[in-house]
1. State whether one or more residues within the stretch 375-382 are assigned by TED's automatic domain parsing to the domain that holds Trp520, surrounded by fewer than 24 Cβ atoms within 10 Å (Cβ to Cβ) and assigned to a helix (DSSP H, G or I).
2. Taking the stretch 212-230, which residues are polar (S, T, N, Q) and surrounded by fewer than 14 Cβ atoms within 10 Å (Cβ to Cβ)?
3. Only one of Ser488, Ser495 is out of contact with any Ser or Thr (no Cβ under 6 Å at 6 or more places or on another chain), touching a residue at least 40 places away in the same chain (Cβ under 8 Å) and not assigned by TED's automatic domain parsing to the domain that holds Asn781; which?
4. Looking for something outside any helix (DSSP H, G or I), surrounded by fewer than 22 Cβ atoms within 10 Å (Cβ to Cβ), touching a Leu at 6+ places or on another chain (Cβ under 7 Å) and charged (D, E, K, R) - is there at least one such residue anywhere in the stretch 347-361?
5. Please work out which residue is modelled with the highest pLDDT, limiting yourself to the stretch 322-346 and to residues that are surrounded by fewer than 21 Cβ atoms within 10 Å (Cβ to Cβ) and among the polar types (S, T, N, Q).
6. Go through Arg980, Arg992 for me and flag whichever is surrounded by fewer than 20 Cβ atoms within 10 Å (Cβ to Cβ), assigned by TED's automatic domain parsing to the domain that holds Ile906 and assigned to a strand (DSSP E or B).
7. Looking at (1) buried (at least 19 other Cβ atoms within 10 Å of the Cβ); (2) hydrophobic (A, V, I, L, M, F, W, C); (3) over 20 Å from Gln341 (Cα atoms), which is the only condition Ile448 fails?
Amino acid sequence: MIKKVFFLFCICFCSLITYAINKPIYSVEDTWIVGHNLKNFNNRPLYINNTNGFILAGDKPVMRLCRGGEIYGTLSFNFMDMSGTYQLHEFSEIKSMYKNGHMKWVIEDNRKVGLQIQLEVVPDVEEMGMVVKVKIKGAKSEDQLSWTWNGQETRNENLSWKLDCLAYPEVLSWGPDFGTKTLTSGVIVGNKTVYLFASDKRQMLQDMIAKRKFETGLKKMEDLCNRMIINTPDVYLNALAMASVRAVDGCWYPPVFAHGAMQWNNNLPGWRVLFGGTMYGWHDRIAEEAKHYISTQVTKSDYKENKPNKNHMWTLQDYTSRFYGEGRILADQNAYDMQSQFFDQLIEDYRWNDDPTFIALLRPALELHLKWIEECFDPDGDGCYESYLNTWPTDSQWYNGGGTAEETAYAYRGHQAAYDMAKNAGDTKSMEHHDAMLKRIKNGFQNILWLKDQGFSASYIEQEGNKRLHKNPWLYSIFLPIDAQLTSSLQNIESLYYTEWALQNDKMPCGGRMIWTSNWVPGIWSVRPLWPGDNYHLAQAYFTSDLPDEGYDILKGTFMHGAYNTAVPGNIGDAIGGTDFGDCIHTFCRTLVGGMFGFLPDYPNQIVRISPKFPTDWDYASLSLPDFSINFQERGLVSEYEIRLKKAAKQLWEIPVKTSKVVKVTLNGKNVSYTMVPGVSRSILKVEVPLSDKSVLKIYTANDLDYNPCQNVQLSSYTQDKITIDCDSILAVYDPQNIFENIQIKNKNISVWVANNTGFHTAVCKVMRGENEEWKILRVNIRNEHEEKMEKLRTLEGYPQAAIWEKINLQKYMNADVTQIFKQEYLSPRPNTASCRLGIDGFSTWTFPYWNAGPPEIKLDSLNLYLQDETLKTPQGVQFQWPQGENNIIFTSMWDNYPTKIAVDINTTGEALCFLVCGSTNVMQCDIANAVLRIYYEDGSKDQLELIPPINYWNLCAFNVHGTAAGQGSRAYYTSEIDRFCMPQKLPDTIRLGKECTAMVLNRVLKPGVVVERVELETLSQEVVVGLMGVSILK
């Protein structure tokens, strides 16, 4: 906790600290993404005609034409003059430039004064080819530039994968194919402009046909990318936004958007791979994909029962279960539920489009889908839906039947859309059904999953057992309820704070920050990535919640790192998913358009909301796309907004203003009435506009106030405190987490009695600045230093060298051999719902069988290092009695294999009790008590020590399993430095009894002079086995 407190206040006071921001690898010049004298080959693919064909270009002027398993050729250049021959890619000055899906190089050399060679390459729009423009200036009449087309090769592999430098960085050093057969070649003499062309059917030609092809190809790239015209103060954002159009198009393989443009260029209905099509006006493509996948939806089925797949260790549902029955989309989902995100994105397009043909296709399919998810994932009807492999990072992740925020949010958005479709169709019965479902889901989320005293959603609630809430959510538990409007505007502000204090925030080298997806460890694939797609989605949630600077900080940190400071210029992807990966591209597009620019159409309800959330220091921004354009300019104290719509609609303007007084507001040059509501450190001016396709709104203000949304306060429990707010006066204090008592307001001060609700919290003040109401956020950290001190005294930090130990003989209680923990079947209890669960070996997640991985052999092959006679002496100096029989551990579990709890007689006094604990746990049991050791005293009092991964209880062995695709590495154990943030400041004491058998050495300080009657071990978590190997008393 100390580590997290320190990090939090670093974040909170970042405005007071100057951070060193590094210059990125790539810069921007006139919307070109530019590299200067960089060393890499093959690091910028150019996509050809919505196929898996591509031109592999890079920082160095060498180009390859590829498709499928074919390399059709490699184009390279040499310069020749009287002094010799020089490889063009080794010239001293090479500027590489990427823009609009084509590459350009400006090449000079300090040995060739005045000489400049320009190369440009674009895809051929007529066939599977590439077209190159060569322009030579400053050459002497006898100078020659020769080109060579060689390196033709057939490989039995998908080159979109194998030539993606993010997955296979060795391709970065793969230069010209010298020594291979020359297919064609040519020479350009003197100062000329020539054009070259090659395709999958024709070798490289130097011909006039190439000029026409180049001009046609260049125009198509320009026309394509001119779907977007953007202008903001951030030139890096402008250039990448334009590049994103080509990235979205590069993933379009009719009739679907592929999972990625390079790696993963296969068809999947998920993950977040449709949003960009909607944002950039390709509604025809969205409809085409919808038609393709909906045509495979099961409309009738005999699969009505839930059945585990016994050939997959009972982790997944059987192919004859309800999961594969009515409502299921059969194509391309494999074991996943990708269709929840698929329909969620179709709903987004429905809001933008309201096309009757599209609705006729979508509505019955959505109804079937909603029935499918209810019957599969909410069988008890409490409104909380289980998530079953329904987001991108769900490899090795599962919920064992428990209700979650993710699927609940998808269900809520789905029923909202179904309600609107029914309303517009005049279907009263369907409206009533969906209205009832919306109430059920919202109540379920708010009453079951929402942690009122902490201000965020739980990650899940246990289906059976103790039915506890797991209070360690990942990012999806935060931003998806905000997306679905399951949370109120104040709850949005509350829950986003969790991502700042609880999760790892990395300051990025080129500015901004990124947040790790979860705290679940060990970091096996894919439960804890630093994922661009999730960060773009999180930035969207910040913009939605009226925290624009904070949202932009995440957006900037993510795109500057991926697009400008890694190997691929203009990349919207990651080393894990590859260059221009769909789940990153489409979330970027949506965050840009719907988040920052705040274009939020709802054509089914005949209204368009315009709610821009620009960084507060911007004084202009404009964006034009096929469906709309928006233009913002601030001149002094006058702000002007202009919107143009392709399709006329009523408009609701929600414009943030930082002023004590609005002087006047005009709409299309005439005074207009408006309302003011509180915003975060500013007010929101609302104007309703009748049906129109164009509006110009001008806001005249008296002044420009500062923007300071969050005030950070550290308080102590059980104290009276006064907090001063930067405002004119405080109107009200909202304390949803009950951290204050007896709140008294006087002017700009609040006086409170601080409750003993320790930890990080949010309170919100409604304040006046001038004539306007605003929200001021209090980010509060409450500590109880007395309790912290007393808790610290309950554990010994070390042991005296001359300690006297009373070792308790546990032989009669022992019921198992620890080496057999994963050599048995854990079959019950397993409620028969459509759930993803742990494998029957007690070790394997659902991914492990796919990776041909399983538990390691558990051995005690290091035992003799610590064993003397019958005494085990740990590296910390604690002595335990080691058993002599076949059994060596007391196992407890909620599995029927072992008792849930067991008691051990002690009947003695001492300074401290020490425990040797060993057993299993998994990533879905982090930060919750897996078991508890209870200490019962003779005087009737008791104490307890909770076993909580990764604080003081670890799985006995490492998870040495790895995904089979590039980038899918795993951190196998808790000692990984990458996951150090999730660990306690001081790692717990352990002893390694074997290569794959680690036990925990724990202790609890005892009440002086009071006899301990017994110790009880009880397992509290499902899907774990917790054992006791030794108990000793420090006398």
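The values are calculated or read from the model by the stated rules, or taken from the named source; none is laboratory data. From a predicted model like this one, the values you see are computed outputs, not experimental measurements. FYI the Cβ positions are ideal-geometry reconstructions off the backbone, even for glycines, and counts take in every protein chain you see.
1. Filtering the stretch 375-382 down to residues assigned by TED's automatic domain parsing to the domain that holds Trp520 leaves 375-382.
Add one more test, that the residue is surrounded by fewer than 24 Cβ atoms within 10 Å (Cβ to Cβ), and what stays is 375, 378-382.
The next check asks that each one be assigned to a helix (DSSP H, G or I); those that pass are 375.
Yes, the stretch 375-382 has at least one match.
2. Just the residues of the stretch 212-230 that are polar (S, T, N, Q), to begin with: 216, 226.
Residue satisfying the conditions is Asn226 alone.
3. Details: Ser488 fails: touching a residue at least 40 places away in the same chain (Cβ under 8 Å).
Exactly one of Ser488, Ser495 is out of contact with any Ser or Thr (no Cβ under 6 Å at 6 or more places or on another chain), touching a residue at least 40 places away in the same chain (Cβ under 8 Å) and not assigned by TED's automatic domain parsing to the domain that holds Asn781, namely Ser495.
4. Narrowing the stretch 347-361 to residues outside any helix (DSSP H, G or I): 354-355.
After this cut, where a residue has to be surrounded by fewer than 22 Cβ atoms within 10 Å (Cβ to Cβ) as well, the list is 354-355.
If we keep only those that are touching a Leu at 6+ places or on another chain (Cβ under 7 Å) too, we end up with none.
For the stretch 347-361, residues outside any helix (DSSP H, G or I), surrounded by fewer than 22 Cβ atoms within 10 Å (Cβ to Cβ), touching a Leu at 6+ places or on another chain (Cβ under 7 Å) and charged (D, E, K, R): absent.
5. Checking each candidate, the answer is Gln333.
6. Values: Arg980 fails: assigned to a strand (DSSP E or B).
The unique qualifying residue is Arg992.
7. Only one criterion is unmet by Ile448, namely (1).
For (1) among the hydrophobic types (A, V, I, L, M, F, W, C); (2) in contact with a strand residue (DSSP E or B) (Cβ under 7 Å, 6 or more places away or on another chain); (3) buried (at least 16 other Cβ atoms within 10 Å of the Cβ), each residue gets a yes or a no:
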site	(1), (2), (3)
Glu70	no, yes, yes
Thr74	no, yes, yes
Met82	yes, no, no
Leu88	yes, yes, yes
Lys112	no, no, yes
Ile117	yes, yes, yes
Pro123	no, yes, yes
Met128	yes, yes, yes
Val131	yes, yes, yes
